[in-house]
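The values are calculated or read from the model by the stated rules, or taken from the named source; none is laboratory data. As the structure is a computational prediction, the values presented were derived from the model and not from experiment. All Cβ positions, even for glycine, are placed from backbone atoms using ideal geometry, and neighbour counts span all protein chains on display.
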(Lines give C-alpha, C1' and ligand atoms only; values in the text may rest on other atoms or scores of the structure.)
Protein backbone atom coordinates (compact mmCIF):
# COMPACT_ATOMS: atom_id res chain seq x y z
CA UNK A 1 0.00 0.00 0.00
CA UNK A 2 1.29 3.47 -0.80
CA UNK A 3 1.85 6.05 1.91
CA UNK A 4 -0.57 8.82 2.81
CA UNK A 5 2.31 11.09 3.85
CA UNK A 6 1.49 14.67 2.87
CA UNK A 7 -1.99 13.75 1.61
CA UNK A 8 -5.01 15.58 2.99
CA UNK A 9 -8.10 13.67 4.10
CA UNK A 10 -11.46 15.27 4.82
CA UNK A 11 -13.31 12.82 7.09
CA UNK A 12 -16.87 13.41 8.23
CA UNK A 13 -17.85 11.79 11.51
CA UNK A 14 -14.20 11.53 12.57
CA UNK A 15 -14.58 12.40 16.24
CA UNK A 16 -15.03 8.73 17.21
CA UNK A 17 -15.53 5.20 15.94
CA UNK A 18 -14.69 4.20 12.37
CA UNK A 19 -14.02 7.79 11.29
CA UNK A 20 -11.47 8.24 14.07
CA UNK A 21 -9.87 4.88 13.25
CA UNK A 22 -9.44 5.96 9.62
CA UNK A 23 -7.98 9.29 10.76
CA UNK A 24 -5.49 7.59 13.09
CA UNK A 25 -4.36 5.16 10.39
CA UNK A 26 -3.74 8.06 8.00
CA UNK A 27 -1.96 10.00 10.77
CA UNK A 28 0.54 7.17 11.24
CA UNK A 29 1.64 7.83 7.64
CA UNK A 30 1.95 11.57 8.30
CA UNK A 31 -1.27 12.70 6.61
CA UNK A 32 -3.18 15.93 7.12
CA UNK A 33 -6.62 15.17 8.52
CA UNK A 34 -9.66 17.43 8.68
CA UNK A 35 -11.86 16.07 11.47
CA UNK A 36 -15.32 17.21 10.42
CA UNK A 37 -17.99 16.35 12.97
CA UNK A 38 -20.73 17.85 15.13
CA UNK A 39 -19.27 16.96 18.52
CA UNK A 40 -17.37 19.89 19.98
CA UNK A 41 -18.44 19.34 23.59
CA UNK A 42 -18.06 16.03 25.48
CA UNK A 43 -21.12 13.79 25.38
CA UNK A 44 -22.06 12.08 28.68
CA UNK A 45 -22.26 8.62 27.06
CA UNK A 46 -20.03 8.84 23.98
CA UNK A 47 -16.26 9.30 24.03
CA UNK A 48 -14.61 11.87 21.80
CA UNK A 49 -14.91 15.36 20.37
CA UNK A 50 -13.33 16.97 17.33
CA UNK A 51 -10.68 18.36 19.67
CA UNK A 52 -9.78 15.08 21.40
CA UNK A 53 -9.67 13.38 17.99
CA UNK A 54 -7.31 16.10 16.72
CA UNK A 55 -5.04 15.51 19.72
CA UNK A 56 -4.99 11.77 18.93
CA UNK A 57 -4.20 12.42 15.26
CA UNK A 58 -1.29 14.68 16.20
CA UNK A 59 0.00 12.13 18.72
CA UNK A 60 -0.09 9.48 15.97
CA UNK A 61 2.10 11.63 13.70
CA UNK A 62 -0.37 13.52 11.53
CA UNK A 63 -1.52 17.09 11.23
CA UNK A 64 -5.07 17.77 12.35
CA UNK A 65 -7.74 20.38 11.76
CA UNK A 66 -10.82 20.01 13.97
CA UNK A 67 -13.85 21.49 12.19
CA UNK A 68 -17.41 21.67 13.48
CA UNK A 69 -19.60 20.41 10.66
CA UNK A 70 -23.13 19.03 10.47
CA UNK A 71 -23.22 17.38 7.04
CA UNK A 72 -26.95 18.11 6.76
CA UNK A 73 -26.14 21.83 6.53
CA UNK A 74 -24.62 22.77 3.16
CA UNK A 75 -23.25 26.08 4.49
CA UNK A 76 -21.35 24.21 7.23
CA UNK A 77 -19.97 21.73 4.69
CA UNK A 78 -18.78 24.56 2.44
CA UNK A 79 -17.20 26.37 5.39
CA UNK A 80 -15.46 23.17 6.56
CA UNK A 81 -14.12 22.49 3.07
CA UNK A 82 -12.91 26.07 2.72
CA UNK A 83 -11.13 25.89 6.12
CA UNK A 84 -9.47 22.63 5.12
CA UNK A 85 -8.28 24.00 1.78
CA UNK A 86 -6.99 27.16 3.49
CA UNK A 87 -5.08 25.10 6.06
CA UNK A 88 -3.70 22.29 3.90
CA UNK A 89 -3.87 23.62 0.32
CA UNK A 90 -6.46 21.16 -0.99
CA UNK A 91 -8.17 17.85 -0.32
CA UNK A 92 -6.88 14.57 -1.75
CA UNK A 93 -9.25 12.07 -0.13
CA UNK A 94 -12.82 12.51 1.03
CA UNK A 95 -14.34 10.01 3.48
CA UNK A 96 -18.07 10.37 4.13
CA UNK A 97 -18.38 8.49 7.41
CA UNK A 98 -21.01 10.61 9.19
CA UNK A 99 -24.55 9.36 9.14
CA UNK A 100 -27.55 11.44 8.22
CA UNK A 101 -30.97 10.04 7.48
CA UNK A 102 -33.05 11.30 4.58
CA UNK A 103 -35.95 9.10 3.59
CA UNK A 104 -36.05 10.37 0.01
CA UNK A 105 -34.96 9.19 -3.40
CA UNK A 106 -31.84 10.82 -4.84
CA UNK A 107 -33.81 13.39 -6.88
CA UNK A 108 -35.55 14.62 -3.72
CA UNK A 109 -32.52 14.47 -1.41
CA UNK A 110 -31.58 17.90 -0.05
CA UNK A 111 -28.40 19.30 -1.58
CA UNK A 112 -26.80 19.49 1.86
CA UNK A 113 -26.69 15.69 1.99
CA UNK A 114 -24.92 15.54 -1.34
CA UNK A 115 -21.95 17.25 0.28
CA UNK A 116 -19.29 15.46 -1.70
CA UNK A 117 -20.23 17.57 -4.70
CA UNK A 118 -19.40 20.66 -2.63
CA UNK A 119 -15.98 19.25 -1.90
CA UNK A 120 -15.25 18.29 -5.48
CA UNK A 121 -16.42 21.62 -6.85
CA UNK A 122 -14.55 23.70 -4.25
CA UNK A 123 -11.18 22.01 -4.09
CA UNK A 124 -8.17 21.82 -6.23
CA UNK A 125 -4.67 21.12 -5.07
CA UNK A 126 -2.97 24.47 -4.71
CA UNK A 127 0.09 25.46 -2.74
CA UNK A 128 -0.44 26.59 0.80
CA UNK A 129 0.89 30.04 1.45
CA UNK A 130 1.42 31.58 4.84
CA UNK A 131 2.50 35.03 5.78
CA UNK A 132 4.72 35.65 8.76
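Just one of the listed residues (13, 61) is free of Cβ contacts under 8 Å to residues at least 40 places away in the same chain and at positive phi, and it is 61.
Every listed requirement among (1) modelled with pLDDT of 85 or more; (2) part of a helix (DSSP H, G or I) is met by residue 107 save one, (1).
Does the stretch 70-101 hold any residues that are modelled with pLDDT of 90 or more and part of a loop (DSSP other than H, G, I, E, B), and which are they? Of everything in the stretch 70-101, those that are modelled with pLDDT of 90 or more and part of a loop (DSSP other than H, G, I, E, B) turn out to be 89, 90, 91, 92. For the stretch 29-40, the criterion of being part of a helix (DSSP H, G or I) and modelled with pLDDT under 90 is met by no residue. Residue count for the stretch 8-27 under the criterion of being crowded, with 23+ Cβ neighbours inside 10 Å and not in a helix (DSSP H, G or I): the result is 8.
Residues in the stretch 41-69 that are touching a strand residue (DSSP E or B) at 6+ places or on another chain (Cβ under 7 Å) and part of a strand (DSSP E or B): 63, 64, 65, 66, 67.
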